[in-house]
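Working notes for the structure below.
The values are calculated or read from the model by the stated rules, or taken from the named source; none is laboratory data. Everything quoted here is computed from the prediction, not taken from an experiment. Note that each Cβ is placed from the backbone with ideal geometry, even for glycine, and that neighbours are counted across all protein chains shown. Note: areas computed on protein heavy atoms with side chains; ligands, DNA, RNA excluded. Shrake-Rupley method; radii C 1.70, N 1.55, O 1.52, S 1.80 Å.
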Amino acid sequence: TDEIMQQEIRPLVAVDIIEQLHRQFAILSGGRGKDGAPIITFPEFAGFSDIPDEDFLNVVTYLTSIPSLEAASIGFIIIIDRRRDKWSAVKASLTRIAGAFPGNLQLVFVLRPSRFIQRTIADIGIKLYRDDFKMKVPIIMLNSVSDLHGYIDKSQLTRELGGTLEYGHSQWIHHRTAIENFAMTVKTTAQMLQTFGTDLAETELPNDVQCTEELLSAHTDHHSKLKDELKLAVKQGATLLTCIREPVTRSANSKLSPDELENVATVERLLAQLDETEKAFDQFWTKHHLKLEQCLQLRHFEHDFREVKLVLDNLMEAQAGFADIGDSVTRVEHLLREQKQLEEKGQEPLEKAQSLALHGEQLIQNNHYAVDSIRPKCVELRRICDDFTNETKKKYDILGKSLELHKQLDKASRWCEAGIYLLASQAVDKCQSQEGAETALVEIEKFLVTAKEHQLSNPKEFYNQFDMILTLEIKANAQRILQKLEDVQEMFDKRQVSLKKLAAKQTRPVQPVAPHPESSPKRASPKITRPA
């Protein structure tokens, strides 16, 4: 039903009645009356009465549809040329026009038959049958074209009617079909653009890179084809405009008829419509293409984000696995090398993450439509990078402390061993003399000075320094070594006391001893007073 309705309301075009138009039983030459009324001429045509009613109605309806509404509203002027025909032909023409003319009539001019008898019959017939023609407009019977020139300017009449208006029927048909074809092209192109625009507006954006690339490519190709169609349409219109203006271009004295001027205006209007349609389409396409490009950027960003995030998560997991702080210098140094390898391994992913976050921020600055999706991912990437960097620094700090601790414990242990060895190497017999005891004391004092170099003289300070890394195992080992230090220190203290006693004993002065009385001679001696 819709198709039938569309066919019914679609206006006639030249191509629909091309054969009837070529018969030239009615023409729209382009001439106008003094008040601008369009002129339709019915030239001499032998088989006028044999024309089917449908063909006659179609041609006349088509011709009356061509002038502008403003010109048509003035009313049409009909010129019926029957100079070589009979009264019967005049009557038949008037009857047919009166019964089927679809437009608003203003005047009807009849060039009556030139032969005397037919002219006389025509004069009588027009008086007798005027009311039968059912025309509400004047019917003016003319004897010659000269009489016609009294009503219509010669410049508005064709050569056949003694005028100067240039008219070629074949060219007229060619121009009409070209204009109507161009109008159809403009309409079809606009519909194609509208359909494509609707499809674009209803297109759902894909969720992956490949589909987005395919969609962008397909839409771009379609857009390019439509732009080519637009260029061809514009070229068609420009060529048609040149053809219509060709008489004026060829001769400066030539002027376009009112109908030709209307044709020019029609083509220019169609070109302007085409230009407006193209501008609107380009504006819409620019927005759509930008959205597709931003969608592709987003899909690439999301794809890269997933890849980088996976690598970073693995790095964080590997880093979390480095819980061991080592139980010896060798083990801690091995852990530091592994931490260094992990740090170097994470350098490239971290750089990619930072670069991707920077790219995301650039997308946001460029007014990307998916800001709410991009910004959280940028924040997360930077957070993970900061977490990895901070955790790495923390690991290095802990392992550095652990290394320092175990080095000090190793030094302390070696110091204890060396101290025990020193004490064991001091021979008891050599220490009995003053010189031996003093030598041993000097050796001990020199050795005890090195205890301060290991910073192990204060256990409380030691625990405070390494409290953050003291596990139960390390703490037990440290307590054992500290106890050993204390024991060795006590051993040195006792040895020092002993050696000092020996040295002091050897340096005591010899007291004079008075002889017993029995052993002294019994003789009187004088008393000698000695100083105390």
Legend entry - Residue check, L499 more than 18 Å from A412 (Cα to Cα) and either among the basic types (K, R) or under 60 Å from the mean Cα position of the chain (by Cα) (or both): no
Inset, instruction - Please find, within the range 34-58, the residue that is surrounded by the most Cβ atoms within 10 Å (Cβ to Cβ) out of those that are over 25 Å from K86 (Cβ atoms) and in contact with a strand residue (DSSP E or B) (Cβ under 7 Å, 6 or more places away or on another chain). - result: P38
Legend entry - Flag if N367 is part of a loop (DSSP other than H, G, I, E, B) and surrounded by fewer than 13 Cβ atoms within 10 Å (Cβ to Cβ): yes
Inset, instruction - Check whether at least one residue in the range 230-242 is without any contact (Cβ under 8 Å) to a residue 24 or more places away in the chain and small (G, A, S), and report yes or no. - result: no
Legend entry - Among (1) open to solvent by less than 90 Å² (accessible area, probe 1.4 Å); (2) assigned by the TED database to the domain that holds D327; (3) not aliphatic (A, V, I, L, M), the one test that S413 misses: (2)
Inset, instruction - Scan R245, R269 and give me the residue that is farther than 21 Å from P11 by Cβ, basic (K, R) and open to solvent by 80 Å² or more (accessible area, probe 1.4 Å). - result: R245
Inset, instruction - Report, by residue number, each residue of the range 405-440 that is free of Cβ contacts under 8 Å to residues at least 12 places away in the same chain, closer than 26 Å to A476 by Cβ and of a type outside the set (S, T, Y). - result: R414, E417
Inset, instruction - Only residues that are among the aliphatic types (A, V, I, L, M) and over 21 Å from R383 (Cα atoms): list them for the range 311-354, please. - result: A323, I325, V329, V332, L335, L336
Inset, instruction - Please state which of the following conditions K255 fails to meet, knowing it meets all the rest: (1) open to solvent by 40 Å² or more (accessible area, probe 1.4 Å); (2) basic (K, R); (3) part of a helix (DSSP H, G or I). - result: (3)
Legend entry - Out of E262, E229, sole residue that is more than 25 Å from M192 (Cβ to Cβ) and assigned by the TED database to the domain that holds V186: E262
Legend entry - Residue among Q283, Q297 that alone is surrounded by 13 or more Cβ atoms within 10 Å (Cβ to Cβ), of a type in the set (S, T, N, Q) and not assigned by the TED database to the domain that holds L363: Q297
Inset, instruction - Show the residue pairs that are 6+ apart or on different chains and have beta-carbon atoms under 7 Å apart, the first residue being within the range 300-319 and among the charged types (D, E, K, R), the second being part of a helix (DSSP H, G or I) and open to solvent by less than 20 Å² (accessible area, probe 1.4 Å). - result: D304/L356
Inset, instruction - Look at the range 247-263 and say how many of its residues are over 45 Å from the mean Cα position of the chain (by Cα) and within 24 Å of A71 (Cα to Cα). - result: 11
Legend entry - Test result for T61, in a helix (DSSP H, G or I), modelled with pLDDT of 85 or more and open to solvent by 30 Å² or more (accessible area, probe 1.4 Å): yes
Inset, instruction - Tell me, yes or no, whether the range 185-195 has at least one residue that is touching a residue at least 12 places away in the same chain (Cβ under 8 Å), of a type outside the set (K, R) and within 16 Å of K287 (Cα to Cα). - result: yes
Inset, instruction - Run down V379, V428, V449, V442 and say which single residue is over 29 Å from D327 (Cβ atoms), hydrophobic (A, V, I, L, M, F, W, C) and under 60 Å from the mean Cα position of the chain (by Cα). - result: V379
Inset, instruction - Mind counting the residues in the range 310-327 that are over 24 Å from P349 (Cα atoms) and open to solvent by 40 Å² or more (accessible area, probe 1.4 Å)? - result: 2
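To keep it simple, each residue is scored yes or no on (1) within 27 Å of the chain's Cα centre (by Cα); (2) open to solvent by 80 Å² or more (accessible area, probe 1.4 Å).
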residue: L165; (1), (2): no, no
residue: H169; (1), (2): no, no
residue: H174; (1), (2): no, yes
residue: F182; (1), (2): no, no
residue: T189; (1), (2): no, no
residue: E204; (1), (2): yes, yes
residue: N207; (1), (2): yes, yes
residue: L216; (1), (2): yes, no
Inset, instruction - Kindly list, by first and then second residue, each pair from a residue in the range 204-221 that is farther than 14 Å from Q297 by Cα to a residue that is of a type in the set (S, T, Y) and surrounded by fewer than 15 Cβ atoms within 10 Å (Cβ to Cβ), limited to pairs with Cβ atoms under 8 Å and residues at least 6 apart or on different chains. - result: H219/T203
Inset, instruction - Under 7 Å between Cβ atoms, at least 6 apart or on separate chains: pull out the pairs that start in the range 374-400 with a residue that is in the same structural domain as L336 (by the TED database) and free of Cβ contacts under 8 Å to residues at least 40 places away in the same chain and end on any residue that is of a type outside the set (F, W, Y) and surrounded by 13 or more Cβ atoms within 10 Å (Cβ to Cβ). - result: R375/I364; C378/A357; C378/G360; C378/E361; R382/A357
Inset, instruction - Taking Y463 as the residue in question, decide whether it is in a helix (DSSP H, G or I), open to solvent by 40 Å² or more (accessible area, probe 1.4 Å) and at pLDDT 90 or above. - result: no
Inset, instruction - Scan the range 64-76 for residues that are part of a helix (DSSP H, G or I), open to solvent by less than 60 Å² (accessible area, probe 1.4 Å) and of a type outside the set (A, V, I, L, M, F, W, C) and jot them down. - result: T64
